[in-house]
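Student: Please see the structure below; I have some questions.
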């Protein structure tokens, strides 16, 4: 298990997924892409999906980093690559939605670390349907915490 003083690095060899391509999701995707990660963004809203690449490009340019990763957009968790190593929830602050998505991700991406960007719900509530508790994590602008991975716990 990681502690707040542990340095965490993205496991090599697998893509990153961001659940939600809205305000927070596209920015998270851009940060990972700018650092060389391939990112799949799960976005069901056609308008958000249509503008996703352009919005990600703007953030990458603002970071003054070359876009070294590849962005892919899908509409459902079931379309994620099973080799995905990290999945970050950035969907609307609806507990039922977050819980359902995490439960789906656990099945589709069995080795992925799971993280949430919620600033409203407790991590335990968001991940209540996730069977493997070692896969839970939280990332909030208010109180950053480490990512927990089943491979490290």
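Student: If you take just the helices (runs of 4 or more DSSP H) that sit entirely in region 39-132, which of them hold at least 1 residues that are within 15 Å of residue 28 (Cα to Cα) and more than 15 Å from the chain's Cα centre (by Cα)?
Tutor: Qualifying helices (runs of 4 or more DSSP H): 46-62.
Student: In the set 63, 52, 80, which member is more than 11 Å from residue 18 (Cβ to Cβ) and either surrounded by fewer than 16 Cβ atoms within 10 Å (Cβ to Cβ) or in contact (Cβ under 8 Å) with a residue 12 or more places away in the chain (or both)?
Tutor: 63
Student: Could you give every pair whose Cβ atoms fall below 6 Å, whose first residue belongs to region 84-112 and is farther than 14 Å from residue 129 by Cα, and whose second residue is modelled with pLDDT under 90 and not in a loop (DSSP other than H, G, I, E, B), counting only separations of at least 6 or pairs across chains?
Tutor: Partner pairs satisfying both residue conditions: 86/113; 87/114; 88/115; 89/116.
Student: List the pairs whose first member sits in region 114-125 and is on the phi < 0 side of the Ramachandran plot, whose second member is part of a loop (DSSP other than H, G, I, E, B) and modelled with pLDDT of 85 or more, and whose Cβ atoms are under 7 Å apart, counting only residues at least 6 apart or on separate chains?
Tutor: Close Cβ pairs (under 7 Å, with a partner that is part of a loop (DSSP other than H, G, I, E, B) and modelled with pLDDT of 85 or more) amount to 117/90; 118/93; 120/93.
Student: On the basis of being at pLDDT 90 or above, assigned to a loop (DSSP other than H, G, I, E, B), surrounded by 14 or more Cβ atoms within 10 Å (Cβ to Cβ) and touching a strand residue (DSSP E or B) at 6+ places or on another chain (Cβ under 7 Å), does residue 21 make the cut?
Tutor: yes
The values are calculated or read from the model by the stated rules, or taken from the named source; none is laboratory data. Model, not experiment: these values are computed from the prediction. Here the Cβ is made from the backbone with ideal geometry for all residues, glycine too, and neighbour counts use every protein chain on show.
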